[in-house]
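Just below is one structure, and these are the notes that go with it.
The values are calculated or read from the model by the stated rules, or taken from the named source; none is laboratory data. Remember, predicted model here, so these are calculated numbers, not experimental data. Ideal geometry is used to build each Cβ from the backbone, glycine not excepted, and the neighbour counts take in all protein chains shown. With ligands, DNA and RNA removed, areas are computed over all heavy atoms of the protein, side chains included. Shrake-Rupley method; radii C 1.70, N 1.55, O 1.52, S 1.80 Å.
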Amino acid sequence: MANFPKDFLWGVACAAYQCEGGWDADGKGRNIWDDFCHEVNGHHVKNDDSGDIACDTYHRIDEDIALMKAHGIRAYRFSLSWARIIPDGDGPVNEDGLEYYSRVVDKLIESGIEPMVTLFHWDLPSALHYKGGWLDRDIVEAFARYARIVAARFAGRVTKFMTINEPQCIAMLGYGEGLLAPGYKLPDEDVARIYHMIALSHSAAQREIKAIIPDAQVGIVPCGELYYPEADTPENREAAYRASFDLSVARWGFHFNVCVDELFFHGYDDTAPEAVKRFMATVPETDWAQMEKPDFLGLNIYNGPAVDAGGSIVKRRRGAPLTACKWPITPEVLRHGPINMYRRYNVPVYISENGISCNDVVFLDGQVHDPKRIDFLHRYLLELSKAIAEGVPVLGYLQWSFLDNFEWTSGYDERFGIVYVDYDTLRRIPKDSARWYKEVIETNGANL
Ligand code: NOJ
């Protein structure tokens, strides 16, 4: 049996571009994902799919919130489309866009579901991108203003905010490796610059939100590779900790401490690559006084490699379990990831995302049976409860995702939802896992 704290927040998560659709509705501006998907001959996304319609949550939010309520969901982490609220990113406000989110917040509260607002989940307004986007220092003020506008509208109704989702995917995958929008392949020094701009933007937004909503809790949501010990010994745990935050690796930008170390420690340790050190040497001293420590960290954790006591990655056994998108299934990372993040930063955490893509189908009986997802979530939650038992303040768990949705460059081929979406009819069919998760919530995890 697993133990979760009395007021543990059980919820689900999604992001604007992945589920809303309504890509040009009611005055919304374009963002870099609209552009990336629409680019003629771009072929960035599987089947040339786009988020134009996605789950059409923009028009079906009432139905979706009712379905959440029916499944006992207590919190909904959702992102706002910056370009829906401020079409060009730093100009006039689109009242219709802001009003839409205001209604979502009201509806959630009315339904007993706590809104957890993510300000930025990758869909940068195109106009800002063409002015330099995350490479340009002006983005800090634009983001701060956006945060101010949102906080002013949500004051009295929302207290939990996440500023920026996965800086690692924005900087490293979007600007360094070119896999995500805007699809650039810039050198490491530029990638380091983007991390720095994100750290400054987070900090400015945190200040703005707290000035307007003094009891707000503001966090940032890192991701990447977290390692877990192959054997549960003190030496092996230490090796997993060190490996998790060691930046002297080729994909240095895909570690959880990138960007976050700037907020907490005002820089990186000696393991940082030369290019990063070169960039850091150009940072004006005054920037460090601007950094704000988040009140909590949102951790997006899906998998991670095991390391041995010497810190080397342990090869997985042949035929080890994988998800539909071929990600390794490694439940232990949901124990040791939070333990190591708490050890390093000493602030409470939310599991802001965790889940699995499965090849879900509608069975002859009209239902969607997804025992693999149930088994995955069960195993991961058991591991999470061990981190809690060791004293890590885990405040909540937000399953990714409520609905199947647009999985970035994989388009609609990957299904992460506990609710199935038929993309032709947009009909929603709760999967077995949705009913199972309802029981987990009702028993506060005691049924695990
Ligand atoms: C992390 C991202 O935040 C989210 O947008 C994505 O869909 C999930 N991981 C699954 O890949």
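In region 300-314, what residues are away from the ligand (no atom under 14 Å from the Cβ) and either of a type in the set (Lys, Arg) or touching a helix residue (DSSP H, G or I) at 6+ places or on another chain (Cβ under 9 Å) (or both)?
PRO305, ALA306, VAL307, ASP308, ALA309, GLY310, GLY311, SER312, ILE313
Conditions first: (1) within 20 Å of ARG428 (Cβ to Cβ); (2) open to solvent by 40 Å² or more (accessible area, probe 1.4 Å); (3) in a helix (DSSP H, G or I); (4) touching a Gly at 6+ places or on another chain (Cβ under 7 Å). TYR58 passes all but one, so which condition is the exception?
Condition (2) is where TYR58 drops out.
In the set ILE149, ILE209, ILE170, which member is assigned to a helix (DSSP H, G or I), among the hydrophobic types (A, V, I, L, M, F, W, C) and surrounded by fewer than 18 Cβ atoms within 10 Å (Cβ to Cβ)?
Sole residue among the options that is assigned to a helix (DSSP H, G or I), among the hydrophobic types (A, V, I, L, M, F, W, C) and surrounded by fewer than 18 Cβ atoms within 10 Å (Cβ to Cβ): ILE149.
I'm trying to understand the selection: among the residues of region 92-114, which are outside any helix (DSSP H, G or I) and free of Cβ contacts under 8 Å to residues at least 24 places away in the same chain?
The answer is PRO92, and nothing else.
Residues ARG344, ARG373, ARG317, ARG335: which one is crowded, with 19+ Cβ neighbours inside 10 Å and away from the ligand (no atom under 16 Å from the Cβ)?
So the residue among ARG344, ARG373, ARG317, ARG335 that is crowded, with 19+ Cβ neighbours inside 10 Å and away from the ligand (no atom under 16 Å from the Cβ) is ARG335.
What number of residues in region 11-33 are within 16 Å of the ligand (Cβ to nearest atom) and either part of a helix (DSSP H, G or I) or of a type in the set (A, V, I, L, M, F, W, C) (or both)?
Residues that pass the stated criteria total 10.
Residue-by-condition table, conditions (1) modelled with pLDDT under 95; (2) over 30 Å from LEU67 (Cα atoms); (3) more than 16 Å from the ligand (Cβ to nearest atom):
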site	(1), (2), (3)
VAL117	no, no, no
MET162	no, no, no
GLY174	no, yes, no
GLY178	no, yes, yes
ASP190	no, yes, yes
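So which of ALA216, ALA199 is farther than 17 Å from VAL258 by Cβ and open to solvent by less than 10 Å² (accessible area, probe 1.4 Å)?
Among ALA216, ALA199, only ALA216 is farther than 17 Å from VAL258 by Cβ and open to solvent by less than 10 Å² (accessible area, probe 1.4 Å).
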